[in-house]
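Worksheet: the structure to be examined is printed underneath.
The values are calculated or read from the model by the stated rules, or taken from the named source; none is laboratory data. None of the values given here were measured: they were computed from a predicted structure. Cβ coordinates were reconstructed from backbone atoms using ideal geometry, including for glycine residues, and neighbour counts include every protein chain displayed. Side chains are part of the model used for accessible areas, which takes the heavy atoms of the whole protein and leaves out ligands, DNA and RNA. Shrake-Rupley method; radii C 1.70, N 1.55, O 1.52, S 1.80 Å.
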Amino acid sequence: MNEPYWNLRGLVVSYGIAALLVLSYLWAPTRMLWDGLDRHIAFGLNSLMQTSYPEQLFWAFANLRVFDYIAAVILLGVLITYVLRGDNAPRDVRIARSIVVGVLLILLVAITREFLFKDVARDSPSLVLEPFTMLSEHTPFDAKDHSAQSFPGDHATVVATFTFLLWFFAGRRYGLISAIFATLFVLPRLVSGAHWFSDAIIGGVVTALVAVPLVIYTPVQGILTRMLVDLIRRTRHKAKMHSNHTSHG
C-alpha cells in the first residue's frame, strides 16, 4: 500500500514538462510551430478518408457517442483486469486503487470541463481549414466533426488522466496498455477535424500533468487508499461474521 508522502521530484518534473509545453504554445516563435503542426496533422489525417466511402463510414462511426461508450468499457476492462490479475499489491489494495482512479477521474475531468475551460472559444480544424472533408456531410451518421469550443480535447483529457493514474497505481505494463488505447480513442476526433492536435496535447495532456500529480505525488492518494482498504476489510469482516452467525443459527 502506498504510504502518505510528498514526492517533490515528481511534482517538479510533471509541472516542469507542463510549463514547457504551455510556454512553447504561448511564445510567438514556437506557437508558429504548433500552428503549422496543427494544420499539417489536421490535413494529413483528414486526407485518410477523403476518397474512400467505407473509410468515411468507419471514422464517422468512431465519432459517434456509442463509440465513446465502447471506449469507456474497454478502459474499464483494463482497470478490472488489474484488480483481478495485478501482482503489485494485495487484492484489497488493488480494489481501493481502482476506486481512487475512478473517483479522481470523474472529479478532475469535471473540474476542468466546468471551471477551467468552460468559456474557452476555439474553432475546430473543420471550421477553419479548406478544403476539408466533413463526415456529417458525406455519411448518414451525425458524427462529431466540428466544434466552436474545441479546446481542450475532452477525450484527450479523460484518457490522459486515466492513463497517468493507472500508470502510477497499476504499474508500467497497464499504463502502456492504457496509453495505446488512449491514442486510438483520441484519433477519431483528430481525423474528423473536431479537434486540433494541440487541443489534445496542450489541453488534454497538460491538464492531466497538472491535476494528477496533485493527488499521486502528495499524501492524498496514500490517505485515500488506506481509508478504502480499511473500509473494504471491515466490510468483508462483518460479512464473514454475519455469514458465520447465520450458518450456526
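Test of understanding: what is the full-extension gain from ASP230 to LEU184, defined as 0.36 nm times their sequence separation minus their Cα-Cα distance?
12.9 nm
In whole Hz, with x marking every Gly and Pro, tabulate ³J(HN,Hα) for the stretch 69-74 from phi via Karplus 6.51 cos²θ - 1.76 cosθ + 1.60, θ = phi - 60°.
Couplings: 5, 4, 4, 4, 5, 5 Hz.
Relative contact order, percent, of the chain when contacts are C-alpha pairs under 8 Å separated by at least 6 residues?
33 percent
For the peptides 217-226, 184-193, what is the packing order when you average, over each peptide's residues, the other Cβ atoms within 10 Å and list the highest mean first?
Highest-to-lowest ranking by the protection proxy: 184-193, 217-226.
Using a 1.4 angstrom probe on the protein heavy atoms only, could you order TYR82, TYR69, TYR53, TYR15 from most to least accessible area?
Result, largest first: TYR69, TYR53, TYR15, TYR82.
How much net charge surrounds LEU135 when only the other residues with a Cβ under 12 Å from the Cβ of LEU135 are counted, with Lys and Arg +1 and Asp and Glu -1?
-2
Please get the size of the charge dipole for the chain, origin at its Cα centre, with Cβ charges of +1 on Lys and Arg and -1 on Asp and Glu, quoted in debye to the nearest 20.
Once rounded to the nearest 20, the dipole reads 1440 debye.
Could you give the nm distance between label points at ASP87 and LEU26, where each point is 7 Å from its Cα heading toward the beta carbon?
Those two pseudo-labels are separated by 4.6 nm.
Over the stretch 151-198, with the other protein chains present, what is the accessible area per residue in square angstrom, probe 1.4 angstrom?
34 Å²
Please list, in order along the stretch 145-161, the HN-Hα scalar couplings obtained from phi with the Karplus expression 6.51 cos²θ - 1.76 cosθ + 1.60 (θ = phi - 60°), rounded to whole Hz, x for Gly and Pro.
Couplings: 9, 7, 6, 8, 9, 7, 9, x, x, 4, 4, 4, 4, 5, 6, 5, 4 Hz.
Give the long-range amide H neighbours of PHE151: residues separated by 5 or more places, or on another chain, with amide H under 5 Å away, using H modelled in the peptide plane at 1.01 Å from N.
Under 5 Å from the amide H of PHE151: ARG122.
Spelling out what I want: for every residue of the stretch 174-189, take phi, set θ = phi - 60°, compute 6.51 cos²θ - 1.76 cosθ + 1.60 (Karplus), and round to whole Hz; glycine and proline get x.
Going residue by residue, I get 5, x, 5, 4, 5, 5, 5, 5, 4, 4, 5, 6, 7, 4, x, 5 Hz, with x marking Gly and Pro.
What angle do you read, to the nearest 10 degrees and between 0 and 90, between the alpha-carbon axis of helix 28-46 and the longest principal axis of the chain?
90 degrees
Taking the Cα centre of the chain as the origin and placing charges on Cβ (Lys, Arg +1; Asp, Glu -1), which of TRP27, TYR217, HIS195 is farthest toward the positive end of the dipole?
The residue sitting most towards the positive pole is TYR217.
Any idea what the relative contact order of the stretch 144-249 is, in percent, if you count C-alpha pairs under 8 Å spaced at least 6 apart?
Answer for the stretch 144-249 is 34 percent.
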